[in-house]
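Encoded as structure tokens, the structure appears first; notes follow it.
The values are calculated or read from the model by the stated rules, or taken from the named source; none is laboratory data. Please read all numbers here as calculations on a predicted model, not as lab measurements. Don't worry about glycine lacking a Cβ; one is built from the backbone with ideal geometry, like all the others, and counts go over all protein chains shown.
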Amino acid sequence: MKETITQFFNNHGLFSPLDFTDPVTYFVPGFILLILGETFLYQIPQKLLTKKLVKDELSSVGLGLGAVFLDFGMKAISLSYFFWIYNHLRLTNLFGIENFSEFFTLKWQLDHWWLWLLVLIVQDFGFYWHHRLSHKIRLLWTGHVNHHSATHLSFAIALRQGWFEIIYRDIWYIPFILVGFHPIMIAMMHQINLIYQFWPHTNAIGKLGWFDKIFNSPSNHRVHHSRKIEDLDKNFAGILMIWDHLFGTYKAENKKVEEYGILHNIQTHNVFHIVFDELGNLIKDVKSAPNFRAKMNYIFRAPGWSYNGKDERIATLQKNSN
């Protein structure tokens with residue numbers, strides 16, 4: 001079966017996702033245990049397990065399952081153009097690899113352990129800008145807003161992956177492939193970053209002191225998912241908070257967040273409604289725009305921009321609330 005699937009992708013000039021060992025699959029049992037542990041050790045004792053929370057979590061699982069199938073195909077496409085760029089356009093042989101089979105030997109890994117640290121920093125930097133621009137460009141927001149549409153925060157919400165986001169999320173790594181980072185290392189570190197981002201999605205863990213200043217944590221990520229005006233568009237980090245500190249988007253959790261979601265929460269738990277709601281709104285706005293410039297502004301300016309209505313861009317709302 002594996003050979004058949006691999007042959008299909010190879011015949012169409014694509015990298016077979018079955019040839020990529022996804023570390024996420026090894027952590028699935030851990031994700032399940034964390035969700036169950038949070039439910040029985042925190043949500044039930046605290047009387048938080050409401051019908052609405054359960055619906056939020058079930059819709060998150062539905063979005064996660066859909067994302068798994070979409071991600072399978074997108075891995076084939078993104079890794080294929082990653083390898084094409086690496087083989088034909090890269091500017092340096094950064095890792096000095098002539099035959100990539102060396103990569104899978106223990107000796108090469110022991111000799112080059114420091115490269116993983118470098119790739120972690122580079123990939124995390126790319127993720128920060130992918131995440132930040134997904135909040136700042138409305139077309140990209142249509143793919144990311146699904147993740148923020150839950151009105152609760154729990155481990156299950158980490159599964160609430162945007163389907164459209166899967167299509168474009170890997171393009172941010174093209175510059176790193178061009179300068180010589182190997183596609184497999186970038187793809188592997190992206191998945192490790194994704195694994196790390198599971199555990200900050202919870203109310204069960206409080207503030208962690210110095211750790212919160214350096215790494216993404218539940219405290220930092222609660223601020224990111226908050227729908228309070230002052231908290232919006234903060235803490236975009238994947239693993240390292242250094243990028244938020246450097247680029248002015250860091251905000252510490254001064255008071256535990258009580259309201260989650262988006263500025264105008266959608267009242268649905270239907271998976272397909274969640275996926276297509278903001279895209280439908282964008283299409284309506286573009287159709288109603290009176291000229292080409294207004295249409296482009298709806299697509300590429302920040303969510304909340306309006307041609308003739310109230311300006312609800314986050315930066316504007318925060319400025320007016322001060």
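If only one of LEU79, LEU36 is modelled with pLDDT of 80 or more, of a type outside the set (Val, Ile, Thr) and surrounded by fewer than 16 Cβ atoms within 10 Å (Cβ to Cβ), which one is it? Only one candidate passes the filter, namely LEU36. When segment 280-301 is filtered for residues that are within 14 Å of SER149 (Cβ to Cβ) and either among the β-branched types (Val, Ile, Thr) or buried (at least 16 other Cβ atoms within 10 Å of the Cβ) (or both), only ASN281 remains. Going through segment 46-81 one residue at a time, which ones are closer than 18 Å to MET188 by Cα and among the hydroxyl-bearing types (Ser, Thr, Tyr)? Matches in segment 46-81: SER78, SER80, TYR81. Filtering TRP210, TRP243 for residues that are under 23 Å from PHE125 (Cβ atoms) and over 19 Å from the mean Cα position of the chain (by Cα) leaves a single hit, TRP210. The single condition among (1) more than 30 Å from ASP212 (Cα to Cα); (2) assigned to a helix (DSSP H, G or I) that GLN267 does not meet is (2).
Are any residues in segment 168-182 buried (at least 17 other Cβ atoms within 10 Å of the Cβ) and more than 9 Å from TYR86 (Cα to Cα), and if so, which ones? Let's see the steps before the verdict.
Just the residues of segment 168-182 that are buried (at least 17 other Cβ atoms within 10 Å of the Cβ), to begin with: 168-170, 172-173, 176-177, 181-182.
Of everything in segment 168-182, those that are buried (at least 17 other Cβ atoms within 10 Å of the Cβ) and more than 9 Å from TYR86 (Cα to Cα) turn out to be TYR168, ARG169, ASP170, TRP172, TYR173, PHE176.
Taking the numbered list (1) in contact with a Ser or Thr (Cβ under 9 Å, 6 or more places away or on another chain); (2) on the phi > 0 side of the Ramachandran plot; (3) free of Cβ contacts under 8 Å to residues at least 40 places away in the same chain in turn, THR268 passes all entries but (2).
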